[in-house]
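**Student:** Quick one: the structure is below, and I'll ask about it shortly.
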Amino acid sequence: MTEKKPGNVIVTMATLSVMAAMLLIGCSTDSPVAPTVSAEPSQPRVMSRGASPASGSALGSPVNSYTEATIVASQGGRLQLYDVVLDIPAGALDNDTLYSISIPDLSVFYNEFGTDGLVFKKPVKVTMSYRDADLSGIDETTIRIGWWDEDGARWIDMNCQLDRVNQVVLGELNHFSAYALVSD
């Protein structure tokens, strides 16, 4: 049997006291080393396009799809690429303008509308549609359109309407940049 020396007991007690104090301080919310819980909601994620059973790819086409058209300012017009439609009203801009839709990766609902940076006098309507195959792991009630804020490096929700019966999301844009169908 080993004999306990009084010095060892004191060292052990001191060590335990220091560890207990560190534990209490570390668990305090006022401590600079305490874990922080973000009050901000989690960042929405860009939805993925489900694969088409026939082609095995999202839309059956190669990556990086693009369309453009010059829209006469006094008449307005429509531009469509796959599941994305832009309806430009007459008078949205003062001059005839080249509009474009680019889908850099068909596996996700990320779209770049151009000419980038345009600001409209009248809102441009956007319609983005989705399919049942796109809903894997998605709560359909959280689907919405978001635009990419480069300065804040985050998705900003825009005011839009979700039509779950027809599987479309409708919104009005006052400027062009990158837009996507996002969900929680």
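Each value in this text was obtained by applying a stated rule to the coordinates, not by laboratory testing. Values in this document were obtained by computation on a predicted structure and should not be read as measured data. Positions of Cβ are backbone-derived with ideal geometry, glycine not excepted, and every protein chain shown enters the neighbour counts.
**Student:** With labels modelled as points extended 7 Å from the Cα through the Cβ direction, what inter-label distance (nm, one decimal) is found for LYS122 paired with THR70?
**Tutor:** The answer from the label model is 2.1 nm.
**Student:** Now for a separate question. Sorted by packing (mean other beta-carbon atoms within 10 Å per residue), highest first, where do 70-77, 174-181 land?
**Tutor:** On the way: 70-77: 14.2, 174-181: 19.4.
The packing order, highest mean first, is 174-181, 70-77.
**Student:** Between VAL46 and LEU98, what FRET efficiency follows from the Cβ-Cβ distance if R0 is 25 Å, with the result rounded to 0.05? Working shown, then result.
**Tutor:** Values: r = 26 Å, r/R0 = 1.03.
Working from the Cβ atoms, E equals 0.45.
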